[in-house]
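The values are calculated or read from the model by the stated rules, or taken from the named source; none is laboratory data. Bear in mind the structure is a predicted one, so any value in this text is a computation, not a measurement. Cβ placement follows ideal geometry from the backbone for every residue including glycine, while neighbour counts extend to all protein chains displayed.
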Amino acid sequence: MSENIPTRDEAFELLTAYNQSDSLVKHALAVEGVMRYMARKRGEDEEKWGVIGLVHDLDYEKFPEQHCKKTEEILNEHHWPAEYIRAVVSHGWGICVDVKPESDLEKVLFAVDELTGLVVTTALVRPSKSVMDLKAKSVKKKWKDKRFAAGVDRSIIQKGAEMLGVDIGELITDTIMGMRDVADEIGLKGSIER
């Protein structure tokens, strides 16, 4: 059977078939937004990067103990391209799989997945409750407080930044910019008017 290049609508349909949790869907949309932004910045295929970002945690709600492995099965059943599947699986490198991120796309996904969580929690404690006025320095300040967003594994973000050869500040700024594009969908437009 031939590979199927998935559309954004197909990816979203698949995501919502396996995830009913509002927070997981918003996380997927945030990662998609960042992946699209990063693809544009790097002159890459925005649609492909976005679709991969959208489904990266496809199995997380229903199969948390089989994270990444179950997604691989599901995407194979839907005849997704091997390159897309590998990219999705590689974001669990060192956590639940041994597929190391190799391409730029894979390294970006690995780096920004955890980082979007830190950006969200930082935005939510601000008076504006928005990413629209959020700056990297605010996120970096929260980064240092290990009790803040304690579930965010900062070592993964650090490793991802190193793999990409970028400074943490630049990675945070890019992540914020990508999330601004989807601020409405992820509930982080806040009280800022733009």
Six or more apart or on different chains, Cβ under 9 Å: which pairs go from a residue in segment 1-25 that's closer than 19 Å to His67 by Cβ to one that's among the hydroxyl-bearing types (Ser, Thr, Tyr) and part of a loop (DSSP other than H, G, I, E, B)? Could you list them?
-> Tyr18/Tyr60; Asn19/Tyr60; Ser21/Tyr60; Leu24/Tyr60
Residues of segment 82-96 classified as closer than 23 Å to Glu44 by Cβ, surrounded by fewer than 16 Cβ atoms within 10 Å (Cβ to Cβ) and not charged (D, E, K, R), total | 1
Would you be able to say whether some residue in segment 122-133 is part of a helix (DSSP H, G or I), farther than 16 Å from Met35 by Cα, in contact with a Gly (Cβ under 8 Å, 6 or more places away or on another chain) and at pLDDT 95 or above?
-> yes
Which numbered condition Ile168 misses (of (1) of a type outside the set (Lys, Arg); (2) at pLDDT below 95; (3) crowded, with 17+ Cβ neighbours inside 10 Å; (4) within 23 Å of Ser90 (Cβ to Cβ)) = (2)
Might you let me know whether segment 173-185 holds any residue that is touching a helix residue (DSSP H, G or I) at 6+ places or on another chain (Cβ under 7 Å), farther than 21 Å from Glu46 by Cα and either at pLDDT below 95 or not β-branched (Val, Ile, Thr) (or both)?
-> no
Residue in segment 20-40 that is nearest to Ile186 (Cα to Cα), counting only those that are touching a helix residue (DSSP H, G or I) at 6+ places or on another chain (Cβ under 7 Å) and not aliphatic (A, V, I, L, M) = His27
For segment 25-41, name all the residues that are more than 16 Å from Ile172 (Cα to Cα) and more than 13 Å from the chain's Cα centre (by Cα).
-> Arg40
The one condition in (1) within 24 Å of Glu170 (Cα to Cα); (2) touching a helix residue (DSSP H, G or I) at 6+ places or on another chain (Cβ under 8 Å) that Gly92 fails to fulfil = (2)
Of (1) within 17 Å of the chain's Cα centre (by Cα); (2) within 21 Å of Leu15 (Cα to Cα); (3) of a type outside the set (D, E, K, R), Val119 fails just (2)
Residues of segment 130-159 being basic (Lys, Arg) and either in contact with a Phe, Trp or Tyr (Cβ under 7 Å, 6 or more places away or on another chain) or surrounded by 15 or more Cβ atoms within 10 Å (Cβ to Cβ) (or both), in sequence order, are Lys142, Arg154, Lys159
Residue tally, condition surrounded by 19 or more Cβ atoms within 10 Å (Cβ to Cβ) and either within 14 Å of Glu13 (Cα to Cα) or touching an Asp or Glu at 6+ places or on another chain (Cβ under 7 Å) (or both), over segment 35-67 | 14
